[in-house]
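Worksheet: one structure, shown below.
The values are calculated or read from the model by the stated rules, or taken from the named source; none is laboratory data. Owing to the predicted nature of the structure, the values given are computational and were not obtained by experimental measurement. Note: ideal-geometry Cβ built from the backbone for every residue, glycine included; neighbour counts use all protein chains shown.
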Amino acid sequence: MSKQINPMTLEPSLNKFEKKAMPRSSFDIAAFYAMQLSLMEVGLGSLLHALHIPFTGFLLSLNQCFLLNRALLYSSSSDSSGGRFIPMTISNTAAIIKTLSPYGKKFTPMLAISMQGLLFNVGVMLFGKNLFGRCVGSLLLSLWPMIQPVVVYGIIYGSIFLDMTAYYNQMMSKLPWLEGINLQILALGFIFVHIALTVGICLLTQAMPAYMLHRYDRYVMSDRLQIGSLGTPKKTTFSRKLIGVWKDLTSPFFLLSIILSGFFFYATLNSLGSFFFAFFRLIAIAFLTFFILRNISSEWCVNFFSNSYLLKRYTPYVEEVLNRIQKQAELKQ
C-alpha cells in the first residue's frame, strides 16, 4: 500500500497547473469533491437511469466511495475537526445539488447520497481517517444500496415477500442441480460481493498513484461529462411523472419481481379471480408507491435540507459548488 497522499507533495509527474488546482483547506476539499460527486450523480447517474442499466445505484455508490476516500486522503491530518466530517459535508452538499437537476428522481437519490455519506462518516468517527477507518466506512456505505430497495420493495410486497421466499426455496429444493442452494444463500453471496467490491475501491484508492487520481479529476471536470442545467428547481409536469413511474415499473429488477409474483399467485391461489385480484392489486400498490416517490418535489427536498438544524450548515458549500459549476460552464462557452 502506498502512503497517504498529501496534496502539497504530489508526484513529480503532475505539472504546475495540476498542482495549483489541488484543494488546500477542508472547505476547498469538501467543495472540490462535492462538485465532482454532483457532476457524476447528475450527469452519469441520469444517463445510467435513462438507459435502465442494472445496479445503477450500486455503481454510483462505488463512485461515491471512491471520492470520499480520496477526499480523506487529501484532507490535512492537522485539521482533525473539519476533516473528520468531510464525507458528510461532501455527500449532503451533492445530495442538495442533485435535487436541483431537472432530470430523474429527487427524493430517493438525495436520501441515498446523504445516508451513504453518513454511514461512511460513522466508520471514520469510530476508527479515524486511517485505512482501517476508511475500510469500515466503505463497508457501512455499501449497505445502504441494499437497504433502500428492501425498504421500498418491502412497502410494495409486505408479508407476501416472505411467503414467496418460502415457496421458491421449496421449488429450488426439488431441482437436483440446485440442491443445497436457497434464496438466502444467494442473497448472502450478493451481499458479500457488494461489500467486497466497495472495500476493494477503498484499497484501490489507497494504492493508486497520485498522478492517476489527478488524471481522473481532469476527466470528470472535462467536457466529456455534461451535467445539464442546474439552478432553481423546476416543477415536473404530471405527464412526466407518469413517464417516470412507467420507467420504474418497467425496470428489469421490478419486472423480474413481478413475474415471480405472478407465478407465485397462480400456483398458490385457488381461483383465477383471486389471482387477478392479487396480481393487479400488487401492481396498483407499486404504481402508488413509485408515484408518491416521484411526486416529492425539489422544493420540498431543498427546504428539508435548508431548514434542518443539522443540515443547513452545508448551505455555504452548496453555494460554492454552484458558483464553481457556473464559472466552469462560462469558461467552456
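Worth pointing out:
- Residues satisfying the stated conditions in segment 165-198, i.e. surrounded by fewer than 14 Cβ atoms within 10 Å (Cβ to Cβ), in the same structural domain as Leu119 (by TED's automatic domain parsing) and modelled with pLDDT of 85 or more: Leu188, Gly189, Phe190, Ile191, Phe192, Val193, Ala196
- Selection from segment 149-168 of residues that are of a type outside the set (Val, Ile, Thr) and free of Cβ contacts under 8 Å to residues at least 12 places away in the same chain: Gly154, Gly158, Ser159, Phe161, Leu162, Ala166
- Flag for Ser46 being in a helix (DSSP H, G or I), modelled with pLDDT under 80 and surrounded by 19 or more Cβ atoms within 10 Å (Cβ to Cβ): yes
- Hits in segment 142-193 (condition: charged (D, E, K, R) and over 16 Å from Ser261 (Cα atoms)): Lys174, Glu179
- Hey, Lys98 within 20 Å of Val152 (Cβ to Cβ) and not in a helix (DSSP H, G or I) or not: no
- For segment 20-33, the criterion of a residue being at pLDDT below 70, more than 29 Å from Ala196 (Cα to Cα) and part of a helix (DSSP H, G or I) is satisfied by at least one position.
- Residue in segment 76-87 that is β-branched (Val, Ile, Thr) and either at pLDDT 90 or above or in contact with a Gly (Cβ under 9 Å, 6 or more places away or on another chain) (or both) present: no
- Hey, Gly104 surrounded by 16 or more Cβ atoms within 10 Å (Cβ to Cβ) and at pLDDT below 80 or not: yes
- Within segment 109-139, tally of residues that are within 22 Å of Val151 (Cα to Cα) and either among the aromatic types (Phe, Trp, Tyr) or in contact with a Leu (Cβ under 6 Å, 6 or more places away or on another chain) (or both): 4
- Qualifying residue in segment 129-146 (condition: at pLDDT below 85 and not aliphatic (A, V, I, L, M)): no
- For segment 199-212, residues that are modelled with pLDDT of 85 or more and not small (Gly, Ala, Ser) total 7.
- Taking segment 235-333 and the helices (runs of 4 or more DSSP H) fully enclosed by it, the elements with 3 or more residues that are of a type outside the set (D, E, K, R), surrounded by 12 or more Cβ atoms within 10 Å (Cβ to Cβ) and at pLDDT below 75 are at 298-307, 315-332.
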